[in-house]
Structures are given as structure tokens and as C-alpha cells.
Amino acid sequence: MQHNTETKIWNATLYLRLSRDDGDKEESNSITGQRELLRDFIRTRPELREYAVRIDDGFTGSNFERPSFKKMLEDVKAGRTNCIIVKDLSRFGRNYLDAGEYIEKIFPFLGVRFIAVNDNYDSLGGKNASDELIIPFKNLINEAYCRDISVKVRTQLEVKRKSGQYIGAFAVYGYLKDEANKNHLIVDEYAADIVRDIFSWKLEGMSPQDIASRLNHNGVLSPMEYKKSLGMKFATSFKANPQAVWSANAVLRILKNPVYTGVLIQGKETTPSYKVRKRVTKPESEWAIVSAAHEAIIERRDFDSVQKALSLDTAAAPATAPCSFSAAWCSAASAAQAWCAKPFPPATKSMSTTSAPRTSRINPVRPTGCATRRLNNWFWTR
């Protein structure tokens, strides 16, 4: 009688995960440390063969929306791997319900062997009474730990916001993070001069689009490109072209941001819980607003004047607005009525970019329906 002594070979995927959001300690849970531990484990077990290493570095364990985890599941469904090995259950996930669903239902149904080395768990050995209790209990502890860390981080950030400490990853354009205190903003003189010019030009009557065109014509780097020139690894969802340039929206974001008056407004958005990553807007009453948090670039009265001008820009002009110009001006402009009704041509290099004195600027409060005013405004803002 012959006996089948052939040992089944398991194509193992080593799954590694690390996330500071979960309070993971890099010294003990580093990606390199996890990889070495798991390879030492399979080296002493001839039935285990390494198929792939899947790494989710920087992804929370509170959910399973992780790119490498999804690739691992695709390998399982395709039959390329039938064994998953992790350092411990917390590396697999910190969501009690979802982790239990995978370990107790999905993996057994798909014929996948699951091993948690430090927790001394191997699904191939079969379940005993202690596993029925200990594994769910450990998953519950892992989730409670994640929840506890989330509460502590949220509380710490809220304290910093209310005390006027800046917690953004990058300083807003016009400022830099203080090297002595990363939660404090200091003025970046070069960018601050650009911000002052933007506010000055708006007070003189220029539109945000004209300001953006002037900045691009003068070769001024956009906020994103300027941060990159300083060596910052900065990315934004506002970028639409390979080379970011100034736009009317970029100018408006600066003109409407009270941070340039020394006021720090933070905590406008939040997430419902540590499990839900979708951001929601908080009521204004819950924002953290601190005055004089850092040195101002723009005086408050100038900022308020710009906000008033911006509100007038969006207000609809009367259908028949009275003209306040002289009869001679109106007579000269009547011939250009048809031309004025067309969009103004873009600025060219031959047009002067030197701002006229404030006294020669027309009042931006005057109605825009008058063809004379439009012609005069276009002339002086070029």
C-alpha cells in the first residue's frame, strides 16, 4: 500500500503595512523589519514559497481601501496566491468587523491559508476553542487602539488650532514655516512682495484675470511652481497644466484669504470618524479663528477694501446706468460703442505693464454698463 507523502506547496504573499495615523511605532513595525521577519519565517518552512510582497506604507488599518491589499485580493481571485502571511493581526487591519469577515469567512471560502506570525495563528491548523475567542478579541483590541489614537490625535490638533499654531503641511503662499517652530509662520519677503502687488493692483481697479496676466507676463512663478523651486514636494488638485501658471482663481484665493492680515482660520473641515475618510465642512461657529497669530502682510483696512471691491465685481450692473463722464468723453466713445461690446484683446508685450498713479484710476464703483467707462478702464489697466 502506497502513501501520498507529497506536501502541498503554498504560494505565499507577504503583506506589510505601516501607518503613523494608527500610532504605529516605526522602530518596531518598520517595513524592512516586517519583511525580514516574514522571510525568516518562510525560510524554515519548505512548503511555503514567496510569491510576492505587497506593501501599504502610509495607509491606515481602520479600513481596507488600500492599493496593495486590493492587488493581493486580485492575486487570490486569479489563483496566483493561496497563502497570506502578516507579522500580526494589526498589520492586516484594525477594523474588528472587516478583519473578522476576511479571516473567518472570505479566506476559508477561497481556500486561502492565513498566517499571523507573532500572534501564533495559522488557519491551516484548524480552529480550537481558544482561537474562537482570542482572534476576535485581538481584532477588537486592535480596533480600540486605533480609535484611541484617533481621538488623541484629533484632540491634540484641536488644541494647536485654538492656540494659533499652524498645522498645515505647507505654508500658504507669502509665508514660510519657521525653522525653530514648524507650527509658526514667518514672512517670505519675495512672495510677500508679490502678494502686496496683487492687493495693490486690485485696489487700483484691475480684475483678477488682468492681475494673473500681468504676473505671467512678468515671469512670476505661480504659487505651486514657486514651492517646487524651493525644493518642496508640493501637489495640488488645482493644477490643470504640466506647468502651473497664474490664473484668476489663484489670484482670487489670495485676495480672499484673511491669513495675510495675521488671522489664522483652521478646522473648516473634518471627517465623521476615523473609519470614514470623506471630508465634510464644519459650521463656521466651530472653526478655530485666531487673530495676530503671525506677522501680517496686508493691513486690515486694505483687505476689507478688497473684499468690498470683489463683492461689487460680482454684483449685477443696472440695465440703464447713468454715465458720469463728460459730454466730450461720451461723444468720443460713441464711435467705439461696437468695439467696446467685444471682449477686450489680451495684453501684449508692446503694452506697458507699468501701473498708472492711483489718482488716474477710475472709481471701480462706477457702473460697468457705460461703454466709455469700459474703454477708459481697459486703457488705464494695460
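Nothing in this text is a laboratory measurement; each read-out follows from the coordinates by a stated rule. Bear in mind the structure is a predicted one, so any value in this text is a computation, not a measurement. Cβ: placed from backbone, ideal geometry, glycine included. Neighbour counts: every protein chain shown.
List the residues whose amide H sits under 5 Å from the amide H of ILE84, counting only those 5 or more places along or on another chain, with H placed 1.01 Å from N in the peptide plane.
THR13, ARG113, PHE114, ILE115
Just to check I understand the Karplus step: with θ = phi - 60° and J = 6.51 cos²θ - 1.76 cosθ + 1.60, what whole-Hz values come out for the stretch 111-124, glycine and proline as x?
Going residue by residue, I get x, 9, 7, 10, 10, 10, 4, 5, 8, 6, 10, 9, 5, 5 Hz, with x marking Gly and Pro.
Work out the FRET efficiency for ALA292 and GLN209 from their Cβ-Cβ distance, taking R0 = 30 Å, and round it to the nearest 0.05.
Rounded to the nearest 0.05, the efficiency is 0.35.
Run the numbers for ASP302 and PHE170: contour at 0.36 nm per residue of separation, minus the present Cα-Cα distance, in nm.
Additional length available on full extension: 45.0 nm.
Which of the peptides 189-201, 300-312 is most tightly packed, and how do the rest follow, judged by the mean count of other Cβ atoms within 10 Å per residue?
Descending mean neighbour count gives 189-201, 300-312.
Pairs LYS202/LYS256; LYS162/LYS282; LYS152/LYS182; LYS228/LYS268; LYS162/LYS268: which exceed 22 Å Cα-Cα?
LYS228/LYS268
Residue separation times 0.36 nm, minus the C-alpha to C-alpha distance between GLN243 and THR155: what's the value?
Additional length available on full extension: 27.8 nm.
Please report, in debye to the nearest 20, how large the charge dipole of the stretch 156-227 is about its Cα centre when each Lys and Arg carries +1 at its beta carbon and each Asp and Glu carries -1 there.
My answer is approximately 360 debye.
What number, in percent, do you get for the relative contact order of the stretch 162-261 if the mean sequence gap of Cα pairs under 8 Å and at least 6 apart is divided by its residue count?
23 percent
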